[in-house]
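Structure first, commentary second.
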């Protein structure tokens, strides 16, 4: 079992070339042999659950991935808490074909909700994620990471959604190095922090609702409330683009206002300036608003600065 820790970034398709160019440039300028772009992969993934979403409700994802004439069965579970990051337990096995081998799950500490194993007889393919993956091995002074750029689709009987994202996965070193590198990237390319996984996108197609973080129970610390409003902000931002509805900029801005109450003054100033930028973006023609918002580098920079500060408080 491994703990996968990654920082996920939304990116619009028109900015992918700029992101790839930045990463290629980083590798080309390095004298380190470990810095390189890897061959592009075509990944085909089938996710399994019951019709009642038993695994999803228990915080587990089960899939078969086909890549390079090989099949890999993977289980992912909820991991330790990281604000605005993805930290999950992960188990992988090479299997002979695209059929699940449930006997392998004996190695996985299942959540209590799955101790009754009757769900195993009810598994069906519930959605697919099929995408092209570009891969870079990046090493900085503080960390080694794998940076991937995924572009493709999530599909299910209930519809489909776009995959267009960057993932920075920590391989060694201090996790704050992910934020430091992401800030360099965001200074060049418009990206925004995302807390929505591919699996969550697949589930969302069926149930149609946006998954929000759980609000901390009272009495909650300022840090817990800051983390909550930060992730609410990120969820609304992603939902605005998924639903293609710029009206959601209002709860986006409301979340930012709530978040300000728990941040140091220099980050409050960043949010205030960003809100002023949003006001300017909303003056363009309505059909251009989302493009204007998603092309603004200040959004991602501010998200990353706040995410970095929040995680520094809990490490």
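Just so it is clear, none of the values below were taken in a lab; they were calculated from the coordinates. Everything quoted here is computed from the prediction, not taken from an experiment. Reconstructed Cβ throughout: ideal geometry from the backbone, glycine too, with neighbour counts over all protein chains shown.
Under the shape rule built on the C-alpha gyration tensor, where the axes satisfy a ≥ b ≥ c, the range 133-275 is oblate, since a/c reaches at least 1.5 while a/b does not exceed b/c. Here the simple spin-label model places points 7 Å from the Cα toward Cβ, and for residue 312 and residue 3 these points are separated by 2.1 nm.
Would you mind checking the tilt of helix 176-188 against the longest principal axis of the Cα atoms of the chain, expressed as 0 to 90 degrees and rounded to 10? It works out to around 60 degrees. Across q = 0.10, 0.15, 0.21, 0.23 Å⁻¹, the range 1-111 modelled as identical point scatterers on its alpha-carbon atoms has Debye log10 I(q)/I(0) values of -0.43, -0.90, -1.22, -1.27, in the order of the q list.
Considering the chain, its Cα convex hull presents a mean projected area of 17.1 nm². The modelled label-to-label distance between residue 74 and residue 29, using points 7 Å beyond Cα along the C-beta direction, is 3.1 nm.
Which angle between 0 and 90 degrees, to the nearest 10, do you get for helix 198-207 versus the longest principal axis of the chain when only C-alpha atoms count? Tilt of helix 198-207: around 80 degrees.
For the range 1-103, the relative contact order is 30 percent, taking Cα pairs closer than 8 Å that sit 6 or more residues apart in sequence and dividing their mean separation by the residue count. Here residue 245 and residue 272 are evaluated by their C-beta separation; at R0 = 30 Å the FRET efficiency comes out at 0.75. Computed from the C-beta positions of residue 20 and residue 51 and an R0 of 41 Å, the FRET efficiency is 0.55 to the nearest 0.05.
Against the chain, whose longest principal axis is taken from its Cα atoms, helix 222-242 shows a tilt of about 80°.
The slack between residue 124 and residue 93, meaning 0.36 nm per residue of separation minus the straight C-alpha distance, is 9.2 nm. Short-range pairs are left out: with C-alpha atoms under 8 Å and at least six residues apart, the relative contact order of the range 216-314 is 28 percent.
Placing dummy labels 7 Å off each Cα toward the beta-carbon, the span from residue 215 to residue 101 is 4.7 nm. With helices as the sole contributors, the chain gives -11500 deg cm²/dmol at 222 nm; each DSSP H run of n ≥ 4 counts as -39500 (n - 2.57), and the sum is divided by every residue. For 301, 85, the sequence from fewest to most other C-beta atoms within 10 Å is 301, 85. Annotation: average projected area of the range 216-314 is 6.3 square nanometres, based on the convex hull of Cα atoms across all directions. By other beta-carbon atoms within 10 Å, ranking 164, 32 with the fewest at the front produces 32, 164. Estimated from the Cβ-Cβ distance and a Förster radius of 35 angstrom, the FRET efficiency linking residue 116 and residue 257 is about 0.20.
Normalised radius of gyration (Cα atoms, divided by 2.2 N^0.38 Å) for the range 113-206: 1.38.
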